[in-house]
1. Among (1) free of Cβ contacts under 8 Å to residues at least 24 places away in the same chain; (2) of a type in the set (Asp, Glu); (3) in contact with a helix residue (DSSP H, G or I) (Cβ under 8 Å, 6 or more places away or on another chain), which single condition is residue 32 missing?
2. Please verify whether residue 53 is surrounded by fewer than 15 Cβ atoms within 10 Å (Cβ to Cβ) and assigned to a helix (DSSP H, G or I), treating the condition exactly as stated.
3. For residue 62, work out the one condition from (1) at pLDDT 90 or above; (2) more than 21 Å from residue 79 (Cα to Cα); (3) among the basic types (Lys, Arg) it doesn't fulfil.
4. Could you list all residues from region 58-82 that are among the charged types (D, E, K, R) and surrounded by fewer than 21 Cβ atoms within 10 Å (Cβ to Cβ)?
5. If I ask for residues that are at negative phi and assigned to a loop (DSSP other than H, G, I, E, B), which ones from region 56-70 would you list?
6. Please indicate, with yes or no, whether at least one residue in region 28-46 is buried (at least 17 other Cβ atoms within 10 Å of the Cβ) and either at pLDDT below 80 or not in a loop (DSSP other than H, G, I, E, B) (or both).
7. Restricting the search to region 35-53, which residues are out of contact with any Gly (no Cβ under 8 Å at 6 or more places or on another chain) and either charged (D, E, K, R) or touching a residue at least 40 places away in the same chain (Cβ under 8 Å) (or both)?
8. Please go through region 10-27 and give me each residue that is closer than 11 Å to residue 136 by Cβ and part of a helix (DSSP H, G or I), ordered by number.
Amino acid sequence: MTDSLASGFSGPTVCRLTGVTYRQLDYWARTDLVTPSITPAKGSGSKRAYSYADVLEVKVIKSLLNSGLSLARTRQAVECLRSALGADLASSSLVMSDSGSVLAKSDGDLVDLLRGGQGVFNIVPLAGVVAELTTMIRQSQIKTSEKETLTA
């Protein structure tokens, strides 16, 4: 995993690890939802390189969208997570209702992400997202190593 962490993850690798389509990833990069922090795009044909934190953000965004949050609300939640909280995503859960979201931190603090009201809550544990991503990266590296061994 250290090689990937140092050199970054390509767009197709991010898609494979997170389950988003390349079209989604490209749109999110162009609209600054998730920008590759290692190597941003520099015009047509350039290759982006995403850091582990970027890939984790993509995975969290995908989880939020899969849980029923709209893209606009997901943008709000991600911005709040980035700027105001410095939250440890691995030990946090996101509690969502029809009109708002609250971040439940491991220390018991609750933070209103969207300044919403009440409703039926869904809890999205983010630790599973981190663990799943780490496992997929390791499996990907093992497969790559096996292919390199077979071709050598």
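1. Condition not satisfied by residue 32: (3).
2. Spelling it out, residue 53 is indeed surrounded by fewer than 15 Cβ atoms within 10 Å (Cβ to Cβ) and assigned to a helix (DSSP H, G or I).
3. Evaluating residue 62 over (1) at pLDDT 90 or above; (2) more than 21 Å from residue 79 (Cα to Cα); (3) among the basic types (Lys, Arg) leaves (2) as the failure.
4. Correct list: 62, 73, 75, 79, 82.
5. Answer for region 56-70, where residues must be at negative phi and assigned to a loop (DSSP other than H, G, I, E, B): 67, 69, 70.
6. yes
7. Scanning region 35-53 gives 42, 52.
8. If the condition is that a residue be closer than 11 Å to residue 136 by Cβ and part of a helix (DSSP H, G or I), then 13, 14, 16, 17, 18 are the ones that fit.
The values are calculated or read from the model by the stated rules, or taken from the named source; none is laboratory data. None of these values were measured; they are calculated from a predicted model. Please note: Cβ atoms are built from the backbone with ideal geometry, for glycine as well, and neighbour counts cover all protein chains shown.
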